[in-house]
Amino acid sequence: MEIALFVAGIALLLYVLLAFYDGFVLHIFKYRLYQRVESKTEHLTHTLRAILFPFIAYYLFAKPSCNTAFFVAIAAVTLDLLVMLWDAYLEKDSRAFMGGLPRWEYILHLLVNGFHFVSVAAGLILRLDLTTEGIVLVDTLTALPQYGLFRALVLNLLPGAVLLAILHVLVLFPKTAMVWDRYRDRVGCC
């Protein structure tokens, strides 16, 4: 089980780092997808996923002893998977303005989603046990000596994830997007 916890932690950390680059640096900062008519629906899918991630991380990893939390996490993971599929379907039309999705960004999306679902799969391994009676929800996470460090990682990732979700929501609206653009234009990078 310690290996599953380690895999979950590394995958979660890599997911957050790559998702920040993809979701913030590229989608909001560089390409400003929220401003483009053909990309507004794609931005909406990114917004929904940004909102769902803190629920997944908190309820799957940071609140493991509560059965209700597990089912909240499973609902969020299921919605996230559906939204991800919708997002992938939209990519071709959404990125027509730039000649399609660049190959390197396509690879980045594969890595981001791969690390995300590896962390979820490892979380499920830690929370479920296969017995003769069937699949049983267990609390093996808190019994692991490394869980305190892992939980601290998850809790420290959450504020940034929540802020990114809030920013995704704010740029959906023209008035708050204009405020963001004013601040964004003051930064000379990317």
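Lysines near residue 175 by alpha-carbon distance under 23 Å, same-chain residues fewer than 8 away left out - which ones?
30, 40
Run the numbers for residue 79 and residue 106: contour at 0.36 nm per residue of separation, minus the present Cα-Cα distance, in nm.
Extending this stretch completely gives an extra 7.6 nm.
In the chain, if the dipole is taken from +1 on Lys/Arg beta carbons and -1 on Asp/Glu beta carbons about the Cα centre, which of 75, 123, 165 is farthest to the positive end?
It is 165, whose Cα lies furthest towards the positive end.
Helix-only mean residue ellipticity at 222 nm, the chain, DSSP H runs n ≥ 4 weighted -39,500 (n - 2.57), per residue, nearest 500. What is it?
Calculated mean residue ellipticity at 222 nm is -23000 deg cm²/dmol.
Find the relative contact order for the range 2-184 and round it to a whole percent, using C-alpha pairs within less than 8 Å whose residues are 6+ positions apart. Mind dumping the intermediate values first?
Numbers: 181 pairs, mean separation 62.7, N = 183.
34 percent.
Under 5 Å between amide hydrogens, which residues at least 5 positions from residue 100 or on another chain qualify, with H placed 1.01 Å from N in the peptide plane?
Under 5 Å from the amide H of residue 100: no residue qualifies.
Tell me, what ³J(HN,Hα) does each residue in the range 173-184 have, in order and in whole Hz, if you take phi through Karplus 6.51 cos²θ - 1.76 cosθ + 1.60 with θ = phi - 60° and put x for Gly and Pro?
Whole-Hz 3J(HN,Hα) from phi for the range 173-184: 9, x, 5, 6, 5, 5, 5, 4, 4, 4, 5, 4.
If you compute log10 I(q)/I(0) by the Debye sum over Cα atoms at q = 0.09, 0.13, 0.18 Å⁻¹ for the structure shown, which of (1) -0.33, -0.70, -1.33; (2) -0.41, -0.78, -1.11; (3) -0.36, -0.71, -1.18 do you land on?
(3)
With axes computed from alpha carbons, what is the tilt in degrees of helix 67-94 against the longest principal axis of the chain, rounded to the nearest 10 within 0 to 90?
30 degrees
Angle check, please: helix 2-20 long axis (alpha carbons) against the longest principal axis of the chain (alpha carbons), in degrees 0 to 90, nearest 10.
Helix 2-20 and the main axis of the chain meet at about 10 degrees.
Return the long-range amide H neighbours of residue 128 (sequence gap of 5 or more, or a different chain), with a cut-off of under 5 Å between placed amide H atoms.
Amide H to amide H, under 5 Å and 5 or more residues apart or across chains, residue 128 pairs with 138.
Gain in length, residue 21 to residue 71, computed as 0.36 nm per residue apart minus the alpha-carbon separation, to one decimal in nm?
Full extension of this stretch gives 15.0 nm more.
Throughout, read-outs are computed from the coordinates displayed, never taken from laboratory work. What you see is a predicted model, and the numbers here were worked out from it, not measured in a lab. All Cβ positions, glycine included, derive from the backbone under ideal geometry; neighbour counts span all protein chains shown.
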